[in-house]
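**Q** Sending over a structure as structure tokens; questions will come in a sec.
Rule-based calculations on the coordinates, nothing more; no lab input. Note that the structure is a prediction, hence the values are computed from the model and not measured. Glycine gets a Cβ as well: all are built from the backbone with ideal geometry, and neighbour counts include every protein chain shown.
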Amino acid sequence: MRARRFLLVAGALALAACPVLAQTVSGTVFEDLDGDGVRDAGEAALEGIAVRLYGQQDAGGTFDTTVTTAPDGSFSFSPGDGCYLLQIVDPPGWRRSLARIDERVEGSAGYTRPVGLRRFGGAPELLDRLVAGAVRYTSMGDSIAYNWNSCFDTSSFWYSRQVRDRLRCVSPSGQVNLDEAAIKGEDTDDLLIDEQGELNNVFRVIEVQSKLVTISMVGNDLLDDEPASDPPTQAETNRFAAALIDSRQNLQEALSALIS
């Protein structure tokens with residue numbers, strides 16, 4: 001059966017492992033036929049989809065409520081300020097689409113996709129594991145995961161630590177253990193061939209059963225193959241294209257292994 005698509009659009013919360021401060025959390029679930037994250041004419045609302053909001057209220061206490069979407073696909077929570085995580089499980093035969101293709105984060109004017117776009121992540125067991133008491137989170141890949149490109153904080157794994165700390169804010173009693181596995185300058189081949197025995201390897205991460213994985217790949221493979229001339233020679237173009245195709249194949253293999 002062809003896997004159909006749906007998208008959760010939340011005005012106050014992105015569907016990711018990132019809680020926010022919000023007095024209300026609301027959104028709409030609909031069938032995203034073209035997978036662009038934008039609700040177009042003819043894309044039907046999805047009724048009866050279970051949506052759970054869990055977290056800690058600034059006023060004190062735990063907020064844990066599950067609702068189902070209305071006939072127009074809408075849902076809404078009013079938890080007050082606090083740290084929250086939104087959970088939705090893909091119904092059988094459906095899979096989630098990506099972020100809106102027309103959306104840019106503040107300050108990214110002039111950039112085209114994918115720069116400046118929010119990313120959505122799928123971690124259907126994350127909240128259950130967090131509430132149960134423990135989540136193992138592995139940040140793996142190359143320089144981006146290592147935090148090489150941060151212009152506002154030069155410490156390693158700044159992004160990953162933000163995710164970890166926000167998950168801890170959602171469930172203070174739970175354990176969120178972060179594996180800082182990414183290696184600066186790592187090529188995609190190294191993530192598939194375990195030569196050094198380190199955790200920055202797809203199959204090692206599967207072995208230790210991490211429940212949340214963030215991965216960055218491809219960029220370092222192209223550093224030595226970027227054309228030196230402008231316009232590039234045919235030989236430079238061919239070499240760059242070959243490196244790009246190889247790295248994309250490695251990326252597909254890594255993602256396939258992690259989600260299978």
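**Q** Give me the dipole magnitude in Debye, nearest 20, for segment 126-259 about the Cα centre, with unit charges on the beta carbon: positive for Lys and Arg, negative for Asp and Glu. Display every interim value, and only then the final one.
**A** Values: 11 positive and 22 negative charges, 207 e Å.
Approximately 1000 debye in magnitude.
**Q** Which length gain, in nm to one decimal place, applies between Arg248 and Gln57 when the Cα-Cα distance is subtracted from 0.36 nm times their residue separation?
**A** On the way: separation 191, 0.36 × 191 = 68.76 nm, distance 4.25 nm.
Gain on extension, Arg248 to Gln57, equals 64.5 nm.
**Q** If you take every DSSP beta bridge fully contained in segment 126-259, what fraction is antiparallel? Give it as a percent rounded to 5.
**A** Values: 0 of 11 bridges.
Approximately 0 percent, going by the DSSP bridge assignments.
**Q** Could I ask something else about it? Residue by residue through segment 209-216, which ³J(HN,Hα) values in whole Hz follow from phi under the Karplus form 6.51 cos²θ - 1.76 cosθ + 1.60 (θ = phi - 60°), with glycine and proline marked x?
**A** Going residue by residue, I get 6, 5, 9, 9, 10, 10, 9, 10 Hz, with x marking Gly and Pro.
**Q** Expressed as a fraction of 2.2 N^0.38 Å, the rule-of-thumb size for a compact globular protein of N residues, what is the C-alpha radius of gyration of segment 126-259?
**A** On the way: Rg = 17.2 Å, N = 134, 2.2 N^0.38 = 14.1 Å.
Normalised Rg, Cα atoms only: 1.22.
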